[in-house]
Every structure is written in C-alpha cells, then in structure tokens.
1. Can you give the FRET efficiency for ARG44 and ASP160, using 1/(1 + (r/R0)^6), R0 = 35 Å, r = Cβ-Cβ distance, to the nearest 0.05?
2. Between HIS137 and ALA323, take the C-beta separation as r, use R0 = 30 Å, and let me know the FRET efficiency to the nearest 0.05.
3. About the Cα centre, and with charges only on the beta carbon of Lys, Arg (+1) and Asp, Glu (-1), how big is the dipole of the chain? Nearest 20 debye, please.
4. Using alpha-carbon pairs under 8 Å, 6+ residues apart, how would you state the relative contact order of the chain in percent?
5. Taking each pair of distinct Cα atoms in the range 159-261 once, what is the resulting Kirkwood hydrodynamic radius in Å?
6. Count charges around ASP31 for me, please; just the other residues with Cβ under 13 Å from its Cβ, Lys/Arg as +1, Asp/Glu as -1.
7. Rounded to the nearest 0.05, what FRET efficiency is calculated for ARG22 and ARG199 with R0 set to 51 Å and r the Cβ-Cβ distance?
8. Find the centroid of the Cα atoms in the range 27-100 and in the range 265-324, then give the distance between the two in whole Å.
Amino acid sequence: MRDDTFADLARRALRDAGYSMRAAALAMNYDLAYLSRVLNGKQRPSLKLARCLDGLLGTGGALTRIVLDADERSRVARSTADPSRLDGGTVDALAGVLAAYRRLDDTVRPGSVAPAALAQTDEVLRLLKAARGPYRHRLTEVASEYAQFGGWLLAQERQDARAVRLLDEAVELADEAGNGMLAAQALNFRGYLARRQGRPQGVARWFSAAARTPGAHPAQRLGDLLQAAAGLAELGADAEALRLVDEAEGLLDTAAALPPPETAYWLTPEFNRLNMGLASLGLARYSDAADHLTAGLAALPAELRDAPWTWEHRDALKTALAAR
C-alpha cells in the first residue's frame, strides 16, 4: 500500500467538492499546517481526521477505511516483500481498501479515484503472480475484483483499450477462482463500455454473455438481460429484445428474495428499475421508460443519488420525457 494513497484521494475529493485546503481546515476546525502535511503525503493521517473528511465530503466512511492500522500495514509490507508469506490479514486489508475505493466511486468523480485505485491494482496483480500458499485463492478473487473495478473506472474515463485489457484479465482471474459472479460483473462492464462507445452490437453481446455466465447472481442476470434487450432494440430486433425482457421479469421475485452479491452491492430491485428503464427506452416505450427511470433514481440511497454513474440514467430520463 503506497503511503501517499490517502493524501492523493483526499486532495482530489476536496477539489471535486470545491474545497481549498484552507476552507477544509476551517470547516473541520483543523490546524491548516497539519492538514497540509497530511494532504501532501508528509504525515500519516489520524483516524479522527479521516472521519472528519468523510463527514465533510459525504464519502460514507470510505476515506477512513483506506487508513490501515499498524498491524495491517505490517502484514501488507511483509507479504509484498515475500509473497510466499501471504496471510489472510493481508488479503482482508486489500479487500477492505478495494471496498473503500468502490464507495468513493459513488461520491467522487472516477478520474479522481482512478490514479490511486489503478496503482493499487497493479500492486495486487504483481503480488498475485508471486503469491503462494493457502490464501492465494482468496487473493485471486480480490485481484479479479481490483482489475474489474479498474476497468470500470477506465471505461467511465473512456480509456477504452486499457479498460478492455483489465476487464479481460478480471474475467480470466474470476474463472481461475471459479467465481461466476465476478466474471459476470466484468462482462457487464464490457457491455457498459460498448454502450459508451455507441455500439449496440457490443451492448447486446456482452450483456448477453454476462447473463449466461455460470454462477451469476439472479440480480446480475436480471439486469444484464434488460441491458442486452436495450442493445437488441436499438438494432431493431424488437421481438428478441422482448423475449429477454420477459425472461428478466421472470427473475424479479428470485432476485428480490436474495441479498445482492457483496461485489455488486448496488444490484437492488430499485436499481434494476433503471435497467428496465433503459430497455423500455430502447423499445420506444417512452412513458414506461420515464416511469421506471424516475422510480429507480428516486429509490436510490441518498448517498448514491448524485453518483457520477447515475448521469447516463438521468440523460436517458430526459430523452424519455421529451419523447413521450
């Protein structure tokens, strides 16, 4: 774990929120000189400061979770220096940092999360290559999720070639670990990238592949079928798109009865209203699309409603309202 990770993320998050260092120090009642040392990577942050920054920025505890304690730092350093000594505490610490990055992505611009997250991804992938012992399997899953998340960030930033490389690696690692949910999510992000590129064939292909991945969670399959339907509808294959919508609707009760996968915590029934909205929009059912998108956005938890990834759904809602 790089010592400047917290400083980099906190500086960028403050900038995105419109805070100068002086304004942040004043808002939190912190000494400016101390805050400057921390945010310039010259002093480790205290948990109290991390919690204050989380409160100021509304980042839901994400910055606090990035601050490893002395034991976690020691474990990670030891495992990095000698991967044959990889232990469970190291894997847990790396997984916890990844969870914090994901939560930051809900509130901070992807370009602000990406530098630290991608650097950490590279470190985890290097560690995995040399890792041995009983915890390697679990590290393989964590590495797959890091690669998947890095690919997602790059897809949002339209660094397409790098995104594809990481997402392909995420699928390979998920297959190595035998984790269908991770593989399906990486394929889902390939579909998202195709949508950003304006390639409906890719949208239909990758979301269909995600939906058919063995081991995918019902909530994943439901959302992937709907997004594949949107791609097919854009291609004019309405009959096939409607078959996928019907198949997705058949999964509603099963998906709602299960908690979302930990690695895709956002896949609630309310979130899939957004996917139903995209499918309805593709099928030119504008009133239905507007209803689903409005309900899905309104039902998101407060901390997610302004997340950067909701922008495409808000744009879709504007299109549906203008066309109905």
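1. 0.45
2. 0.05
3. Roughly 1000 debye, rounded to the nearest 20.
4. On the way: 493 pairs, mean separation 37.4, N = 324.
This gives 12 percent for the chain.
5. By the Kirkwood definition, the hydrodynamic radius is 13.6 Å.
6. Residues near ASP31 contribute +3 overall.
7. Taking R0 as 51 Å, the efficiency between ARG22 and ARG199 is 0.65.
8. After rounding, the separation between the Cα centres reads 35 Å.
A short reminder: the numbers here are calculations on the coordinates, not readings from a lab. Small disclaimer: the values here were computed from a predicted structure and weren't measured. Cβ: placed from backbone, ideal geometry, glycine included. Neighbour counts: every protein chain shown.
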